[in-house]
Amino acid sequence: MQRIGVFVCHCGTNIAATVDVKKVVEMALAEPGVVHAEDYQYMCSEVGQEKIQNAIREKNLGGVVVCSCSPRMHETTFRNAAQKAGLNPYMVEIANIREHCSWIHKDVKEATEKAVILMRAAVAKVNLNTPLKAGESRVTKRALVIGGGIAGIQTALDIAEAGYPVDIVEKTPSIGGRMSQLDKTFPTLDCSSCILTPKMVDASAHPNITLYTYSEVEKVSGFVGDFTVDIRKKARSVDMSKCTGCGVCQEKCPSKKIPSEFNRGLSNRTAIYTPFAQAIPNVPVIDRENCIKFKTGKCGVCSKVCQAGAIDYNQKDEIITEKYGAIVVATGFDMIKLDKYDEYAYSQSKDVITSLELERIMNAAGPTSGHLERLSDGKAPKEIVFIQCVGSRCADDRGKSYCSKICCMYTAKHAMLIRDKYPDVNVTVFYIDVRTPGKNFDEFYRRAVEEYGVNYIKGQVGKVIPQPNGKLLVQGADLIDNKQILKEADMVVLAAAIEPNPDVRKIATMLTASIDTNNFLTEAHAKLRPVESPTAGIFLSGVCQGPKDIPETVSQAGAAAVKAIGLLAKDKLLTNPCTAHSDELLSNGCSQCAHVCPYGAITYEERQVNDHGIREVRRIAVVNDALCQGCGACTVTCPSGAMDLQGFSNRQIQAEVDAICL
Amino acid sequence: MKYSYYPGCTLKNKAQDLDHYARVSAQALGFELEEISEWQCCGGVYPLGTDEIATKLSSVRALNEAKEKGQELVTLCSACHHVIKRVNDDMKHVADIRTKANNYMQLDEPYAGETNVLHFLEVLRDRVGFDVLKEKVTNPLTGKKIGAYYGCLLLRPGKVMAFDNPENPKIMEDFIRAIGAEPVIYPYRNECCGGYISLKDNELAAGMCRKIEDSAAGFGADMLITACPLCMYNLNKNGNEALPVYYFTELLAEALGVKGV
Amino acid sequence: MATGNKQAELIKEISGVNPLKCMKCGKCSASCPSYNEMDIKPHQFVSYVVNEDIESLVNSKSLWKCLSCFACVERCPRDVKPGKLIDAARQLVVRERGGDYLSPNEIPELLDPDTPQQLLVSAFRRYRR
Amino acid sequence: MQELINRAKELLADGTVARVLGWKAGDLPFNPEPAYFEKEEDFADFVYDGFCGANLSKYMIEASKLEGKTLVCLKPCDTYSFRQLMKEHRVNREKAYIIGVGCRGKLDVNKIRDLGIKGIESVQGAEIEGSDTLTFQTLYGEKTCSYADAMLERCHVCKGKEHMIYDELIGESRETKDADRFAEVEKIEAMSPEERFAYFQKELSKCIRCNACRNVCPACSCRKCVFDSNKFDSAQKANVNSFEEKMFHIIRAFHVAGRCTDCGECSRVCPQGIPLHLFNRKFIKDIDELYGEYQAGADDEERGPLTSYTVDDAEPGIVAERG
Amino acid sequence: MSIEAKEEFRPKIVAFCCNWCSYAGADLAGSSRLAYPADVKIIRVPCSCRVNPMFILRAFERGADGVILCGCHPGDCHYTSGNYYARRRMTLLFSMLDFIGVENGRTRVEWVSAAEGVKFSTTMREFVDKIRSLGKNVRLEDLRCRN
């Protein structure tokens, strides 16, 4: 039996107002094995921690129970304190008498009784604790960034600047991401490519950065500090070392009718293509699905015209396997599909477009060379209606429950730019709320109204009705005037909700990083650890974690980089000692535990055992401590009980059950 | 193939055409509509209140009879379809309504939404297939420009009716193509004609009918088709006389060459 | 006030609608084909129920102008369904004695030779106990 | 039977196998027991008849450790167990020479007794190629019954006459299935909770924790049972009317769930006549219904239903919903 | 007959909560002051898949009146798949308990995320109500363990 000390925290009045802490101390002293018990105002304070340390030394304690707030809050604090006094940190258990007791119960008697039981359960558990030693694992000093948009680029640049090698994996042929599709950026109206392109160039030129464009992460194994990642470099069909980026192949390619992804399908591209003029790398890819050579075997024009001889139809996908210490996810977003919003006639009329399509239309390099015109007839619009919150803030199954955050500002930007460039065009915005928190954001929106005369109407649109004359009748509500409005427009622009890139679910699964119901990656703590995934060694950058504008994305990208750098700067990491352990005398070698292990941490070896005098070679399950994350799936699958989990052993949990049911 | 068939009161009376042409067309297409034996009027309007039970029972009776026969239940009138489909959904998903309705009904085996309710158009689309229909057309209505008027009852609420995309439906347009005519797509085809209020509020209903018909005519339709006797009545009474309105079954029978049967 | 509260609860119960889900976007009013005929507009139904002013609601013209076309129900992004609220309010009226909006006596003059049966049936169901 | 003996002797003689695992006659005409045969003269006692219900596959765990190959006689249903044990790396295929023996259903002496046939001195018709009628010479004179009426419950719900694994086959097998495998389980499911509780309370209170079920079960093959180890505080037994037996039998059934081939040996050997197979069959029924039909030992797919999942599996609440 | 003397039934309820979602959800219920009855006592486990049927039967044997297991929502397991295994195991175990005549309301699995403090609290209130309506567990208790 351990010599146990019990320390009861008042947490000011947080605990003490509802739990009779003196009573808990008194009852603790009556527990077998408890040789010391005391209470204190704030156990987590320096004085409180000293009390624990003094008791450990003076009473020679072998186990400590702290009755306090949640272990998720201060378990590490108290374990570190105990360690400083010479006690193995894993001999400390927490009884959560705040979140699970004082804060939810009002009656002092009831709360005290429960606190005593929780204390007893912790004492019963500690009695069976054994000292555990965290192992060490090495840190590979290289980072992987998944996604080459502004978030990924910024993270990679920051990590590279700190002196660590970093690889960017980007699935499209060029880095740049969504930002490269934008025309201007709010609230300063800088040209998007003018500020993005230099960063793209920096990233490609940085000696510490390797770009894998047209590539995807295929497989991830390992754990924090020591991930092994397979990257599929898709066959580009163009030799990157030979290509000069002259562009002749694209001019000559006869397959010209492929909707351009970069221009959101508003213009066409060729089968061999670079997505846009400033693409990095400036090396085209052959889209094999649409290439005549690949479809029919005949053609080969690009190969004939390429002076550098860079075209290689026989190129194969290549798998690159690399080790990384840290992984940053920066997979970004896309607009939602609008097939569930046919009341806005997006699929019925070419003149109903999304905001991102408008960005392309407004852009000098876009499908209309920057002229604002209707896609149906090329005429200049006179009346434009913007509809906000299309698919955002929805409680039905058509849209997203969240606010997409960026639409209010970009719509103000669009409205302003149109009014500035085409003063004869009337702009109306139907909005539910205008949300402009951010530096100089509300001022920006007010300028749209006050200086540019944009007509903001509070109310949603019910239906966009295409008219026989080609106009669009917008039927909306004006909730301030309490009127139903019918407005004839030439163009309607929908602020469609944004959603995480659909690929992120696959990537999150590979990374064992958690993801919420909206496919946003979950942060380790909403307030205190916003750029870390709960899975150690995985960091989050940009919209993959939640809707963000560019300044926020860049800030978060930097923050994620710092977290990754902090990890890469370490030589060794301590591993979680609460891992599974196989008892060689009990192991059946039946493989069932290996089937349920999500980490491949269980292997089998033929081992000579001495089972009470019987010497024989047996097939024994062996746990790799470095891979085991301590979930315990194996322990329940194991019928003989050979597999047990350190720190949460069968007998420890049963002791808690017994103490509670007493 | 045999289906249970719920005609509804109007089809036995003012909308006999809708019913008759459906039956002869069904015969031509090789399926049979077997009328439910003792059907009662569905009430014409779906009682929205969650505590409405008695008003749902006639639908349950029809649904249960189809279940006992092991047949799918086919409807024609938009209102009947709407009411029966929604009551069926309640019986399937709302435990409270299911329990109470079954307590009233005292069936041998409680009814829990087992029957599949199909509109005649859905039979054409999902059971017969518009491709097959097209092959069976002997008298294609070539050159006719037809506007499909869906109205509201067939489409909404989209999740329960599951008939077609409620904001941009195409089943009737596909039907029109199958019988050899040209569909005219116009935005008011899924807007309400105000049928329910046409009894007491002609003015309002008339305004709506005009909007619908003007829009259809504006896009080049020279006739409308509907599945709903109420829409038919309202559009005829309150709408523009220049644009005739037909039951879709009438044109179907014509295309199949069985109109005179 | 007390009756208002009771009636509001009743409306919520009959309709199964939680009016607090409304974000006041107005898409119901933007969709309503009867909007101009209504004195209380569809998006206002919700706040009348929240504010328990059922008296005004049951006395409004809107009760009888709603077409039950479900456009507001279909398009509501918050799953509030104002059409269900107005139907529940109508139920509240017709379930009370004397609340009928349609009397059998007025029927003959409303009829014409083509009136479909379902129009009468549904009118009775919508307007009478 | 003679063909089997001849072939066994032959394989023993030519050194293909080092021993033969079969059944030898017991002290009564209806209780043969598993035995090893290593020399030609041992075969005098060799028997294979309707009373050889014992599943020999589990013996192959130990036999796999012995020098040389062991010839093992496996009935169709036994081969499921063998194959399952192979999957779990508990038996070594290389060390086994499997003769798939024919089977026309195995006999249950308790059923014979229930038919009023007691004091049995000898039996005719139980031979493997015997007739459809069993004839007994008893202390009370000659008695007869039909073979089918005397069959073990498990043979009425036989999985089929195919052997899942073998090196060679000797003898014909016959389809004996004439009942629904889950009928008994369904009957209990149809009872009220009170009746179910009373039923199992009555049955399980008979348990004397002799561990016969555990010892015979091919799936219960742990080197050391969890109820005998100190990994859990679970190694106690007192003969009181309490939850203790239920806990043992539920856990035992849970540990073999997805691995149990439904060989029925547990019920056959229980000296108290507890229908222990019901626990296993309840799990099998649930697994079939919830996760798709699964027969342990019928395939080489490594994952059983409890070591795999689908993302849209039923929620545990389904238990209450099904009522 | 006295109506006063009858002491209110206070059930013993064990709640196993996975560390990553449900335990955090319980913490959130606490920090949001969302009360639920004190009858519920939580045991922290790393993952719902750590919960061995032995623990649940053990709890009943020792006189627990209800046992609830909470884990991350399917698809959100910190260890990717633990709760899927737990789901199958518990489904089968609960079905077996039901089979032997134990009231099926005494066991429950609920998926509670770290953000669902409200759900945690409501779930616990509902569960306690259910157990109170079922009364004391007599079918599973080991009489020797009664004190």
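The values are calculated or read from the model by the stated rules, or taken from the named source; none is laboratory data. These numbers were taken from a predicted model, which means no experiment stands behind them. FYI the Cβ positions are ideal-geometry reconstructions off the backbone, even for glycines, and counts take in every protein chain you see.
Quick rundown of the values:
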{"read-out": "Residue among A:Ile195, A:Ile168, A:Ile153 that is crowded, with 24+ Cβ neighbours inside 10 Å and not in a strand (DSSP E or B)", "value": "A:Ile153"}
{"read-out": "Top-ranked residue in region B:162-192 [being in a loop (DSSP other than H, G, I, E, B) and within 15 Å of the chain's Cα centre (by Cα); ranked as nearest to C:Leu111 (Cα to Cα)]", "value": "B:Cys192"}
{"read-out": "Segments classed as strands (runs of 3 or more DSSP E), wholly inside region A:44-140, with at least 2 members that are away from every other protein chain (no Cβ under 14 Å) and surrounded by fewer than 17 Cβ atoms within 10 Å (Cβ to Cβ)", "value": "A:136-138"}
{"read-out": "Output for region B:210-221, where each listed residue is more than 7 Å from every other protein chain (Cβ to nearest Cβ) and surrounded by fewer than 24 Cβ atoms within 10 Å (Cβ to Cβ)", "value": "B:Arg210, B:Lys211, B:Asp214, B:Ser215, B:Ala217, B:Gly220"}
{"read-out": "Pairs with Cβ under 9 Å, 6+ apart, first in region A:30-59 and at pLDDT below 95, second of a type in the set (D, E, K, R)", "value": "A:Glu31/A:Arg120; A:Gly33/A:Arg3"}
{"read-out": "Out of C:Pro77, C:Pro82, sole residue that is more than 12 Å from the chain's Cα centre (by Cα), under 22 Å from B:Leu155 (Cα atoms) and not small (Gly, Ala, Ser)", "value": "C:Pro77"}
{"read-out": "Spans of strands (runs of 3 or more DSSP E) in region A:366-473 with at least 1 residues surrounded by fewer than 16 Cβ atoms within 10 Å (Cβ to Cβ) and outside the structural domain of A:Val543 (by TED's automatic domain parsing)", "value": "A:455-458"}
{"read-out": "Residue that is farthest from E:Met90 (Cα to Cα), among those in region E:30-62 that are of a type in the set (Gly, Ala, Ser) and facing chain A (nearest Cβ under 7 Å)", "value": "E:Ser31"}
{"read-out": "When residues of region E:64-78 are limited to those that are in contact (Cβ under 8 Å) with a residue 60 or more places away in the chain and within 7 Å of chain A (Cβ to nearest Cβ), the one nearest to the chain's Cα centre (by Cα)", "value": "E:Ala64"}
{"read-out": "Residue match in region A:281-291 (condition: touching a Lys or Arg at 6+ places or on another chain (Cβ under 6 Å) and among the polar types (S, T, N, Q))", "value": "no"}
{"read-out": "Strands (runs of 3 or more DSSP E) fully within region B:1-113 counting 3 or more residues that are surrounded by fewer than 24 Cβ atoms within 10 Å (Cβ to Cβ), more than 14 Å from every other protein chain (Cβ to nearest Cβ) and β-branched (Val, Ile, Thr)", "value": "none"}
{"read-out": "Residue match in region B:133-146 (condition: surrounded by 19 or more Cβ atoms within 10 Å (Cβ to Cβ), within 14 Å of chain A (Cβ to nearest Cβ) and under 24 Å from A:Tyr344 (Cα atoms))", "value": "no"}
{"read-out": "Enumeration of residues in region D:8-33 that are crowded, with 16+ Cβ neighbours inside 10 Å and under 30 Å from D:Ile117 (Cβ atoms)", "value": "D:Gly22, D:Trp23, D:Lys24, D:Ala25, D:Pro29, D:Phe30, D:Pro32"}
{"read-out": "Candidate set: region A:565-576, residues that are in contact with a Lys or Arg (Cβ under 8 Å, 6 or more places away or on another chain) and surrounded by fewer than 18 Cβ atoms within 10 Å (Cβ to Cβ); chosen: the one farthest from the other protein chains (Cβ to nearest Cβ)", "value": "A:Asp571"}
{"read-out": "Count of residues meeting criterion [outside any loop (DSSP other than H, G, I, E, B), surrounded by fewer than 22 Cβ atoms within 10 Å (Cβ to Cβ), in contact with a strand residue (DSSP E or B) (Cβ under 8 Å, 6 or more places away or on another chain) and of a type outside the set (Phe, Trp, Tyr)] in region A:582-604", "value": "3"}
{"read-out": "Looking only at region C:45-100, and only at residues there that are outside any helix (DSSP H, G or I) and acidic (Asp, Glu), the one that is nearest to the other protein chains (Cβ to nearest Cβ)", "value": "C:Asp79"}
{"read-out": "Unique match (being modelled with pLDDT under 80 and farther than 19 Å from B:Ile53 by Cα) among C:Asp79, C:Asp100, C:Asp114", "value": "C:Asp100"}
{"read-out": "Exclusive hit being crowded, with 21+ Cβ neighbours inside 10 Å, more than 21 Å from A:Cys661 (Cβ to Cβ) and facing another protein chain (nearest Cβ under 7 Å), set E:Ser81, E:Ser113", "value": "E:Ser81"}
{"read-out": "Neighbours by Cβ (under 9 Å, 6+ apart or cross-chain): first from region D:154-178, under 14 Å from D:Arg104 (Cβ atoms); second in a helix (DSSP H, G or I) and among the aliphatic types (A, V, I, L, M)", "value": "D:Cys155/D:Ala148; D:His156/D:Ala148; D:Ile170/D:Leu4; D:Gly171/D:Leu4; D:Thr176/D:Ala148; D:Asp178/D:Ala148"}
{"read-out": "Flag for D:Phe46 being under 20 Å from the mean Cα position of the chain (by Cα), surrounded by 13 or more Cβ atoms within 10 Å (Cβ to Cβ) and either in contact (Cβ under 8 Å) with a residue 40 or more places away in the chain or under 11 Å from D:Ala96 (Cα atoms) (or both)", "value": "no"}
{"read-out": "Residue match in region E:114-133 (condition: in a strand (DSSP E or B), in contact (Cβ under 8 Å) with a residue 24 or more places away in the chain and within 13 Å of the chain's Cα centre (by Cα))", "value": "no"}
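Residue by residue, here is whether (1) within 14 Å of chain A (Cβ to nearest Cβ); (2) modelled with pLDDT under 95 holds:
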residue: D:Glu67; (1), (2): yes, yes
residue: D:Val72; (1), (2): no, no
residue: D:Phe82; (1), (2): no, no
residue: D:Ile98; (1), (2): no, no
residue: D:Gly102; (1), (2): no, yes
